[in-house]
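**Q** The structure is given below, and queries will be raised subsequently.
Every read-out reported here was derived from the displayed coordinates using simple, explicitly stated rules and does not represent laboratory data. For clarity, every value in this text was computed on a predicted model and none was experimentally measured. Every residue, glycine among them, receives a Cβ derived from its backbone with ideal geometry; neighbour counts consider all protein chains shown.
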Amino acid sequence: MSFQIAIDGPLASGKGTVARLVAERLHLLYIDTGAMYRMTALQALRHQVDLNDEHAVVNILQTADMQMRPPRDAEKDGRLSTVLLNGEDVSWQIRTEQVSDGSSKVAVHAHVREFLVKKQQAIAANQDVIMEGRDITYRVLPHANLKIYLTASTEVRAQRRLEDLQRRGVDTQYEHVLADVVMRDKRDMEREADPLQVVEDAWVLDTTQMTIEEAVEAIVARAEQLKGK
Ligand code: C5P
């Protein structure tokens, strides 16, 4: 049996950074499922597909070969994963505001989710993984060894996202980022198909007052306890 850690949580809760670091400590494969929704949006935008048209988005998914791998030495520029869409490195192109917004639009479609969930489950089938997203704890890996809901206050998440964007040279302001975080949270939590939610058996880790390192330590300790180390 493989060892699985499932992390769900809202935008900018630190899921990606925490999951990547835990993966390195525990020798797990890190899988960023948000990148798959982002690649879907990017592919649809490139083909001028209406993101609200479920049928058209599902069709465009058939033309998208999605690959993800840990960054190679030459690619270590702050990315958490190297993301390849039809062989092209789109690791940063999927992080623009337009694609971020588009990803939560394509993610409302049940058939898009079904398609991507199958891919995610196939990746996790035969290896030890830490996977993060919005529906991992109850849809993608319902039998995960450890389920975590990672969160932080809306203001702290908006501040983290702002710093992240500024580091990348994006000229934006706190109020704009806060409004965007609130809107995307709403879309993720209120959609009909597999909304972001806290499941009963998830460990809720609120990082409002915690550093990334503290969150990583806490998760590693809990995982090692479960593995019986
Ligand atoms: O995690 P990230 O912000 O990169 O995800 C982008 C978008 O993809 C989210 O806002 C959400 O709408 C969608 N998503 C999802 N289910 C997942 C992962 C991401 O609906 N498992």
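**Q** May I ask for the distance between the Cα centers of segment 49-124 and segment 165-210, given as a whole number of Å?
**A** After rounding, the separation between the Cα centres reads 18 Å.
**Q** Something else now. If you take the alpha carbon radius of gyration of segment 4-227 and divide it by 2.2 N^0.38 Å, what ratio comes out, to two decimals?
**A** For segment 4-227, the normalised Cα radius of gyration is 0.96.
**Q** I would also like to ask the following. Set the Förster radius R0 to 25 Å, insert the Cβ-Cβ distance between W203 and L29 as r into 1/(1 + (r/R0)^6), and round the FRET efficiency to 0.05.
**A** Efficiency for this residue pair is about 0.75.
**Q** Something else now. Count the DSSP beta bridges whose two residues both fall in the chain, then state the antiparallel fraction as a percent rounded to the nearest 5.
**A** Roughly 25 percent of the DSSP beta bridges within the chain come out antiparallel.
**Q** Evaluate the relative contact order of the chain (contact order divided by residue number), counting alpha-carbon pairs under 8 angstrom at least 6 apart; express in whole percent.
**A** 32
**Q** Classify segment 150-229 as rounded, prolate or oblate, taking a ≥ b ≥ c as the square roots of the eigenvalues of its Cα gyration tensor: rounded when a/c is under 1.5, otherwise prolate if a/b is larger than b/c and oblate if not.
**A** It is oblate, given that a/c is not under 1.5 and a/b is not larger than b/c.
**Q** Same structure again: Can you compute the helix-only [θ] at 222 nm over the chain? Use -39500 (n - 2.57) per DSSP H run of at least 4 residues, normalise by all residues, nearest 500 deg cm²/dmol.
**A** -14500 deg cm²/dmol
**Q** Also: Of the peptides 191-201, 138-148, how do they stack up when ordered by the mean number of other Cβ atoms within 10 Å, highest first?
**A** Answer by packing, highest mean first, reads 138-148, 191-201.
**Q** While we're looking at this one, here's another question. Mind checking which of Q209, Q98, Q127 has the largest fluctuation in a GNM of the chain, springs on alpha carbons under 10 Å?
**A** Q209
**Q** Any chance you could run the full-extension gain for E155 through D65? It's 0.36 nm times the residue separation minus the Cα-Cα distance, nm to one decimal.
**A** Working it through step by step, the gained length comes to 28.8 nm.
**Q** Could the peptides 112-122, 161-171 be put in order, highest first, of the mean number of other beta-carbon atoms found within 10 Å of their residues?
**A** So the order, starting with the most tightly packed, is 112-122, 161-171.
**Q** Provide, for segment 4-227, the number of lysine pairs with alpha carbons under 24 Å apart, each pair being eight or more places apart or on different chains.
**A** The result is 14.
**Q** Name the residue, out of V108, V182, V99, whose mean-square fluctuation peaks in a Gaussian network model built on the chain with Cα pairs under 10 Å.
**A** Highest fluctuation of the listed residues: V182.
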